[in-house]
1. If you take the residues in segment A:446-461 that are surrounded by fewer than 15 Cβ atoms within 10 Å (Cβ to Cβ) and touching a strand residue (DSSP E or B) at 6+ places or on another chain (Cβ under 6 Å), which one is farthest from the other protein chains (Cβ to nearest Cβ)?
2. Are any residues in segment B:214-250 polar (S, T, N, Q) and either part of a helix (DSSP H, G or I) or touching a residue at least 40 places away in the same chain (Cβ under 8 Å) (or both), and if so, which ones?
3. With respect to B:ASN43, is the statement that it is on the phi > 0 side of the Ramachandran plot and either among the small types (Gly, Ala, Ser) or touching a residue at least 40 places away in the same chain (Cβ under 8 Å) (or both) true?
4. Please specify each residue of segment A:375-385 satisfying the condition of being away from chain B (no Cβ under 14 Å), in a strand (DSSP E or B) and closer than 18 Å to A:ASP452 by Cα.
5. So which residues in segment A:40-55 are of a type in the set (S, T, N, Q), buried (at least 16 other Cβ atoms within 10 Å of the Cβ) and more than 11 Å from the chain's Cα centre (by Cα), if there are any at all?
6. Could you please let me know if B:SER10 is in the same structural domain as B:ILE111 (by TED's automatic domain parsing), in a loop (DSSP other than H, G, I, E, B) and on the phi < 0 side of the Ramachandran plot?
7. In segment A:400-416, how many residues are in contact with a Ser or Thr (Cβ under 9 Å, 6 or more places away or on another chain) and within 12 Å of chain B (Cβ to nearest Cβ)?
Protein chains: 2
Amino acid sequence: MINLVLCGGSGTRLWPLSRKLLPKQFVTLFDNKSLFQKTVERNQAVASRLLVVSNTEQYFLAKDQLIEIKHNDEYYLLESVAKNTAPAIALACLGLDEDDVVLVTPADHLIKNEKAYYQAVAQAKGLAGQGFLVTFGIIPSYPETGFGYIQANGNDVLAFKEKPDSQTAQSYIEAGNYYWNSGMFCFKAGVFLEELAQYRPDLLQACKVAYAKHISEGNAVRIPFELMNAIPEDSIDYAVMEKSQKIKVVAADMGWSDVGSFDALSDELPLNEQGNTILKRGEADVPVLTINAHNNMIVTRNHAIAAIDVDDLIVVDTTDSVLITKKGSSQKVKEVVAQLKRIKPDLCDVHRLAYRPWGSYEVLLDTDKYKIKRIIVKPGKKLSLQKHFHRSEHWVVVSGTAEVTNGDKVLTVRPNESTYIPMGEVHRLENKGKIDLVMIEVQVGEYTGEDDIVRLEDSYGRI
Amino acid sequence: MINLVLCGGSGTRLWPLSRKLLPKQFVTLFDNKSLFQKTVERNQAVASRLLVVSNTEQYFLAKDQLIEIKHNDEYYLLESVAKNTAPAIALACLGLDEDDVVLVTPADHLIKNEKAYYQAVAQAKGLAGQGFLVTFGIIPSYPETGFGYIQANGNDVLAFKEKPDSQTAQSYIEAGNYYWNSGMFCFKAGVFLEELAQYRPDLLQACKVAYAKHISEGNAVRIPFELMNAIPEDSIDYAVMEKSQKIKVVAADMGWSDVGSFDALSDELPLNEQGNTILKRGEADVPVLTINAHNNMIVTRNHAIAAIDVDDLIVVDTTDSVLITKKGSSQKVKEVVAQLKRIKPDLCDVHRLAYRPWGSYEVLLDTDKYKIKRIIVKPGKKLSLQKHFHRSEHWVVVSGTAEVTNGDKVLTVRPNESTYIPMGEVHRLENKGKIDLVMIEVQVGEYTGEDDIVRLEDSYGRI
């Protein structure tokens with residue numbers, strides 16, 4: 001079985017933890033792992049191959065996170081523009097044998113009851129082998145109005161239902177044969193493509209045209225922008241599942257959550273003795289003190305938090321932003337993000353800690369005239385050959401060893417050594433060693449924006 | 001008239017804004033000024049001389065803050081150990097002429113109605129000229145139980161009252177002739193010393209012995225530790241005011257607050273259209289968003305804050321810590337500080353931004369193996385001649401010009417230039433220029449604690 005992980009989401013529903021460039025599936029939340037990492041690990045037990053559908057920006061993030069959990073031999077399908085789930089799955093299936101059984105899973109869901117999950121997957125695999133398109137239904141624990149429902153009779157699907165109002169949701173719960181539509185599927189690649197051919201031949205045709213021109217780069221397949229952009233947008237539900245006659249459902253109570261809000265996150269984390277949920281996400285153990293404070297969720301990375309006489313709050317602290325919301329109101333984070341997009345879009349898009357194909361950097365201080373960064377380059381990686389018009393750079397290596405191209409010289413910079421890149425000079429930074437290269441960069445210049453960069457050569461196709 | 005500003009407090013009642021090394025009077029709160037600065041500016045209109053009583057640690061902080069408001073020609077009395085207000089005032093008066101009229105004011109109170117204040121001061125000055133010890137009474141606006149009261153009949157004091165219970169406080173308000181004891185006084189230096197001689201001759205004698213051995217350093221008078229330590233501890237109220245027969249009171253409604261808690265601070269700041277109080281304390285304009293949030297006070301320096309569906313909260317965000325408390329509960333900050341003192345005392349004592357005699361530094365990143373600081377050296381200042389056993393230092397000048405002693409060499413380091421101080425090398429940093437020297441320091445070593453410093457020569461008596 002092949003695990004197809006749909007990883008293209010770019011939500012900010014967990015702002016300030018999630019950002020446009022670090023969406024929910026990549027945020028470290030449970031057991032010091034991301035939901036993407038947990039998804040991959042969970043499916044390793046049942047799938048022999050991993051195919052990640054992602055976009056170019058998130059490709060390196062996914063790669064790094066797989067290295068962290070020591071996963072290798074994965075494949076990537078890189079979409080240059082998102083067209084919803086039907087094209088993503090179709091393009092993936094076009095690269096497989098028709099008899100390959102595919103387990104399609106989102107990257108950003110939590111499943112706590114793995115035993116129930118594996119039982120459901122086994123049942124779905126059996127049905128998929130018989131030529132059915134299988135969808136997974138979650139036995140609902142309360143009348144949620146934010147999900148679609150599947151009305152079922154055993155494994156037979158009677159109907160797909162849109163997000164209900166609360167009265168309808170209540171009636172679904174009482175009826176007992178309605179399940180949350182989880183967005184997980186299992187089928188043979190060939191069966192899916194046949195059904196797509198029947199119900200959305202135009203979409204399949206556009207996918208075939210695009211896939212025919214795919215670019216292979218190692219274990220990644222990239223679809224060119226123009227062809228990807230020509231594919232109609234549609235979800236697998238609308239395009240196939242709600243129309244096909246070959247649908248089955250497998251219902252399970254697998255401790256599932258889409259962690260779609262901080263309230264949902266709070267439900268999944270344990271309470272301490274004071275009835276508070278404390279999530280410390282950083283390297284350092286910062287104090288979180290609660291005095292007569294109950295039923296709060298407090299999330300922090302590197303700041304101390306003290307809460308006095310407050311109840312039912314959600315407090316989420318990151319390096320640059322703090323969210324404080326009443327429990328039950330965390331859906332309104334989207335209003336915050338909408339406002340921020342207008343007045344300070346950076347806070348929606350990136351963390352001060354940003355991931356790059358070669359590693360990461362964290363902005364320690366940013367002023368008009370200078371900017372300080374900690375740069376971490378992973379073993380074997382190099383930044384682009386580049387120059388800047390408006391800034392000089394001072395580099396101090398604090399750990400690992402750097403190979404630095406500085407004009408026409410190439411030099412080795414060891415821990416506790418430094419080098420200087422004059423304004424306009426062509427330069428490159430590389431880590432040829434076996435451990436992370438950690439470097440402090442002091443930029444000095446009239447303008448230190450990230451866009452003052454001329455790339456002359458790049459290993460990651462960013463020219 | 002001489003304004004004697006008592007500036008020795010070291011409270012953390014406004015933690016995380018105030019710390020042991022940056023007490024309330026020095027925190028920038030109103031109009032981008034500290035209460036100390038506002039006190040000095042207010043009294044400049046009525047006093048011809050400024051005498052600041054402080055301790056060695058806060059001396060440079062006070063000096064810097066006076067430079068910021070362009071005040072000069074002040075004098076300092078530096079206590080090497082705090083002995084409460086009676087010795088502080090006695091030592092100050094011993095350095096004055098007996099007919100000098102002294103206006104004693106705490107450094108950490110807010111006075112909003114300056115007209116009423118100046119009227120009260122004028123009246124007090126008249127009474128002081130007639131040989132009275134004058135105390136200032138604040139016409140109470142509510143039955144506060146945290147202050148002492150003065151029972152009066154016109155300018156005559158009938159009795160000093162300890163902090164009352166709430167019923168007693170209520171009866172004081174109803175009686176109408178009880179005033180809050182403000183801790184402000186006005187008298188001739190000679191009269192105060194005569195009265196002290198009568199009621200605490202031992203204390204006066206110890207002060208005389210100590211003052212006789214004072215050390216003059218420019219405009220500062222320093223009392224040696226052993227002699228200061230031998231002075232009995234007492235307040236001016238207990239030692240003199242509650243016993244003397246020469247007491248008068250001047251009562252006024254001067255818009256006074258001791259800003260003794262975040263609730264008190266909140267009362268003094270304006271509400272915005274949503275009924276929230278927003279105080280932005282940093283250089284950058286960070287977003288503070290409120291969505292259906294009312295009657296909250298939100299204080300921040302360099303982090304964005306978003307508040308959703310929350311009311312009546314106090315949120316105080318600093319570079320390293322966040323306080324969230326229900327309004328009305330901010331006195332419990334002391335419980336937070338008590339807990340922090342045990343588990344993470346640094347967070348009670350210092351900000352990541354620390355003031356030094358020569359300027360300031362801010363820790364940007366602190367790890368086991370390296371530490372990054374931004375160092376600002378004021379014009380004409382120099383750090384001590386020093387060395388470190390466990391760390392090397394890389395210095396990058398980003399603004400201003402540094403004169404660097406590095407072993408037996410002295411070199412000039414200009415903006416966008418750097419230098420390197422090897423482990424164990426004797427070095428010194430000096431700003432001989434006219435503008436601030438701003439420098440990024442990258443420390444690399446197995447141990448980067450502040451106590452790995454051997455001072456060989458110091459302009460500030462720190463050897």
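1. Applying the filter and picking the extreme gives A:GLU457.
2. Scanning segment B:214-250 gives B:ASN219, B:ASN229, B:SER235, B:SER244.
3. no
4. Matches in segment A:375-385: A:LEU385 only.
5. A:ASN43 - this is the single residue of segment A:40-55 that is of a type in the set (S, T, N, Q), buried (at least 16 other Cβ atoms within 10 Å of the Cβ) and more than 11 Å from the chain's Cα centre (by Cα).
6. yes
7. Here the count works out to 4.
Matching residues to (1) among the small types (Gly, Ala, Ser); (2) within 26 Å of the chain's Cα centre (by Cα); (3) surrounded by 23 or more Cβ atoms within 10 Å (Cβ to Cβ); (4) not assigned by TED's automatic domain parsing to the domain that holds B:GLY11:
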site	(1), (2), (3), (4)
B:THR105	no, yes, yes, no
B:ALA116	yes, yes, no, no
B:VAL121	no, yes, yes, no
B:TYR142	no, no, no, no
B:GLY146	yes, yes, no, no
B:ASP156	no, no, no, no
B:LYS161	no, no, no, no
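The values are calculated or read from the model by the stated rules, or taken from the named source; none is laboratory data. Everything numeric in this text was worked out from a predicted model, so none of it was measured. Neighbour counts are summed over all protein chains in view; Cβ atoms, including those assigned to glycine, are modelled from backbone coordinates with ideal geometry.
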